[in-house]
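Please treat every number below as a calculation from the coordinates, not as lab data. Since this is a predicted model, take the numbers as computed values, not measurements. When we count neighbours, we look across all protein chains shown, and the Cβ atoms used for this are built from the backbone with ideal geometry, even at glycine.
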Amino acid sequence: MVAEKMTNELFASERFKEYANGNGKKPTIIVGLIKNKTTEHIDASNYIKKFELTIYNSNVADLVESDEFRDKLRQERAEQQDFADPATVAQWGKETGADLMLFGEMSSEIDTNNKTRVVNYITTLFLTDIETNKRVWYGQHEIKKLVKN
C-alpha cells in the first residue's frame, strides 16, 4: 500500500514530470537501499521489491536491476564468454544505465498512554539524479498502528 501510494505521488509530482519531459525519454530508475531504522524487524528487501514492482508496472519509468542482481547477471555474462555458443553470448557494455536512484528509510515513533500504544511508521524516500546529485523528488508517508495490551 505504501509503495503504490508513494510511487503514484512521485510520478504525479511536478518535479518528476519536469525531469521526465526535459530528458525527452522515459526515465530509468534504480531502487537503492531503503534502511529499516525502526525498532521492529521489517524486511527491507521485501519493501524494496514492492517499490520495484510498482515502478515496473507503472509504464512511466523503466527499471534497472539492483546491485545484488546486477552482479549475478554480470557473472552469468562472464561465464557465457567461455561456455556459450558465440552466436548467443550476451555482450559486455550493453547495460542500461539508470538516470535516477530511489532510496530512503523507514522509521517509527511510539506513543504510549495507559495500556494503549500507537506506533507511527514513517517512510521517507528520495529520488535523485545520478549524474548531478540533484534531488528530483522527496516524499514521506505515515501509517499508524494501534496496539492494545
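Worth pointing out:
- Computed over neighbours whose Cβ is under 12 Å from that of LYS148, the net charge equals +3, Lys and Arg +1, Asp and Glu -1.
- Per-residue [θ]222 nm for the chain (sum of -39500 (n - 2.57) over DSSP H runs n ≥ 4, rounded to 500): -11500 deg cm²/dmol
- Label separation (ARG74 vs ARG117): 4.3 nm, computed from points 7 Å beyond Cα along the C-beta direction.
- Label-to-label distance, LEU33 versus ILE130, with points set 7 angstrom from Cα along the beta-carbon direction: 1.7 nm.
- Three principal axis extents describe the C-alpha atoms of the stretch 3-102; from largest down they are 46, 41, 18 Å.
- Crossing angle, helix 44-58 versus the chain [Cα axis fit, 0-90 degrees, rounded to tens]: 70 degrees
- Shape call, the stretch 90-149: gyration tensor on alpha carbons, a/c limit 1.5: prolate
- For the stretch 1-62, applying the loop criterion from DSSP together with a ceiling of 15 other beta carbons within 10 Å to the GluC sites (Glu not before Pro) yields GLU40.
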